[in-house]
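Report on the structure given below.
The values are calculated or read from the model by the stated rules, or taken from the named source; none is laboratory data. Just so it is clear, the model here is predicted, and its values are computed rather than measured. Note: ideal-geometry Cβ built from the backbone for every residue, glycine included; neighbour counts use all protein chains shown. We work out accessible area using only protein heavy atoms, side chains counted, and drop any ligands, DNA or RNA first. Shrake-Rupley method; radii C 1.70, N 1.55, O 1.52, S 1.80 Å.
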Amino acid sequence: MVNVIDVLRDRGFIEQTTHDKELTDYTGAGQVSCYIGFDPTASSLHVGHLVPIMALAHMQRQGHRPIALVGGGTGLVGDPSGKTEMRKMLTIEQVDANVADIKRQLARFLDFSEGMALLLNNADWLTRLSLIPFLRDFGRHFSVNRMIKAESCRARLESEEGLSFIEFNYMVLQAYDFYQLCKGHQCRLQMGGSDQWGNIVAGIDLIRRTMGQQAFGVTFKLITTSSGAKMGKTAAGAVWLSPELTTPYDYYQFWINTDDRDVARFLRLFTFLPLAEIAAVDQLSGADLNSAKMVLAYEATRLAHGADNAGQAHGAAGSMFGARTVPEHILPSSPIHKMAQGADQEAVPCTEMTREQLQDGLPAFKLFHMVGLAKSGGEARRLIDQGGGYVNGQRLDSGETVISANDIDGVEIVLRAGKKRFHKIIIKGLKK
C-alpha cells in the first residue's frame, strides 16, 4: 500500500514534517494512530477545517486509525494561534453543545464504527487535573524562553492587548493532550495547521522527556484561493458544514464558483478522485472546465452532506441555470456520471409566506435581508442599487421597489442576488 505521507504530499496537504525519514518508516510499518484537534468555538466546523478533516480521512483510507480530538477542555481556555486579541470565553454549556454538533459533522467523513476511528474530548482529562501535581510532573519540562519564541505567542506578545496567562498555558495543555493520546491510545503522530507547529513540537518534546518515545508531527499548508482570499470566506460570511447554517444547495454553489485556477488543486485536496484523472483537469478550459467544477461541487457536497443532498443540489442548480451533462471523459470515477439528469428545485433555499403577508408589499431591500441574501438592510440596498438584485429574472432598479402579491409567479417569487445566489418565496396554500 502507498505510504499515507506520500499520499498527503502528492495531493498538496503537507507544509512541514518532523523527522522525515523516521516518520515515513513509522507510517509505512503498519497501522498507526494519528490525531488532529478541533476547537469547539462554534456550533459548526467550516470549509476552512476541510484540510485537516480530509487528512484524517486519507489516514483511514490507507489503513490507519484517525483520532479526532474535540477540545472541550482547551476550548474553555482559547488558542492564541492566529489571533491578535483574546478569544471570547465560552461557558461549559456552550462548549458541550458545540462538541455534540461537531461530532455529527465529522461522522460524515470518518467511519467511527468498531473503533476504526476515535472521537475523543480532552475535557475528559484536562478538567480533572490538579494544579500542583500537574506543574510538578509536567510543567517542569517546559521552557518559558522557548514558549515565548513560538509564533502563536510572539505575535500576541507584540500586539496591543498582549497575551493573557490563561492563553499562555494553551501550548502546555495541547502538549499534554498529545502525551495522553500517546499513553492511552498509542498515538505518536499529531497533524494540524501551519500555525500549530510550535504546539506540536512541544508535545513531541514532552513525550520524549516523560515517556522516552519518539513522536512525530505534520503541518498543513494554509489554503488560500488564487485571488489570495482565505479559504471558506465569502461575501456572505463563512461556509459552514452544518446544513442549518449553510444549506447543501449553497454549499454546492460555493464550490461551483471556484476560480478556474483553483479547480484541479481543490479536486486534489477536497475529493478522493484519482490523481491521474485530476491531472487531466489542468489541461481543460471553457465548458469542459465548467464541467470539472460541477464534479468538484458534487463530490464536495456528497462528502459533507451525503449523496442524496448532493444530487438534489446538483439538480436544483440545473433547474436554475440549465441542466448540463458532464462528459464521460471528465473525471470518470465520479458517481455524478450515473445520476439521472432531472431538475430538482426543492433544494433551492426557500422561505414560506402567505399571500396576506405580501398583500401590502415589502421593499425589496427588506425582503432580501429577511431571507438571507444580504447580511443587513444596508448591504441589500447596495446590492440592488448596483444592479445585482433580481425578482423573477427581472433586474430591480431600486432597493425601495415594493415586492407584493402581484409578483407571485405560479406559487412562488424567485429572488436572485448577483449571478448565482437564489432564494424562493413559496406562497402557502397555492397549488402548482
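In table form, for the structure just shown:
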item: With all protein chains modelled, accessible area of residue 350 [1.4 Å, Å²]; result: 70 Å²
item: Accessible area, probe 1.4 Å, largest first, for residues 329, 423; result: 329, 423
item: By accessible area with a 1.4 Å probe, ligands and nucleic acids excluded, highest first: order of 370, 353, 1, 211; result: 1, 370, 211, 353
item: Debye log10 I(q)/I(0) at q = 0.12, 0.14 Å⁻¹ for the range 46-204, Cα point scatterers; result: -0.55, -0.76
item: Gained length - residue 97 relative to residue 376, 0.36 nm times residue gap less alpha-carbon distance; result: 97.7 nm
item: Residue 149 accessible area, 1.4 Å probe, all protein chains in place, Å² to nearest 10; result: 140 Å²
item: Share of carbon and sulfur in the accessible heavy-atom surface of the range 1-158 [1.4 Å probe, %]; result: 50 percent
item: The chain - share of DSSP beta bridges that are antiparallel (%, nearest 5); result: 50 percent
item: Residue-averaged [θ]222 nm for the chain, counting only DSSP H segments that reach four residues, each worth -39500 (n - 2.57); result: -12000 deg cm²/dmol
item: Å² of accessible area per residue within the chain, as computed with a 1.4 Å probe and no ligands counted; result: 47 Å²
item: Nearest-10 value in Å² for the accessible area of residue 9, using the 1.4 Å probe; result: 110 Å²
item: Stokes-Einstein diffusion coefficient of the range 110-219, Kirkwood radius over Cα pairs, 20 °C, 1.002 mPa s, in µm²/s; result: 143 µm²/s
item: Alpha-carbon centroid distance for the pair the range 131-198 / the range 6-52, whole angstrom; result: 19 Å
item: FRET efficiency, 1/(1 + (r/R0)^6) with R0 41 Å, evaluated for residue 166 and residue 111 via beta carbons; result: 0.70
item: For the range 270-318 and the range 359-397, distance of Cα centres in Å; result: 31 Å
item: The chain: relative contact order in percent, alpha carbon pairs under 8 Å with at least 6 residues between; result: 13 percent
item: Accessible surface ranking that places the most exposed of 240, 125, 255 first, with a 1.4 angstrom probe; result: 240, 125, 255
item: Helical segments meeting 20 Å axial Cα length and Kyte-Doolittle -1.0 threshold in the chain (DSSP H); result: 92-106, 170-185, 197-211, 286-305, 307-321
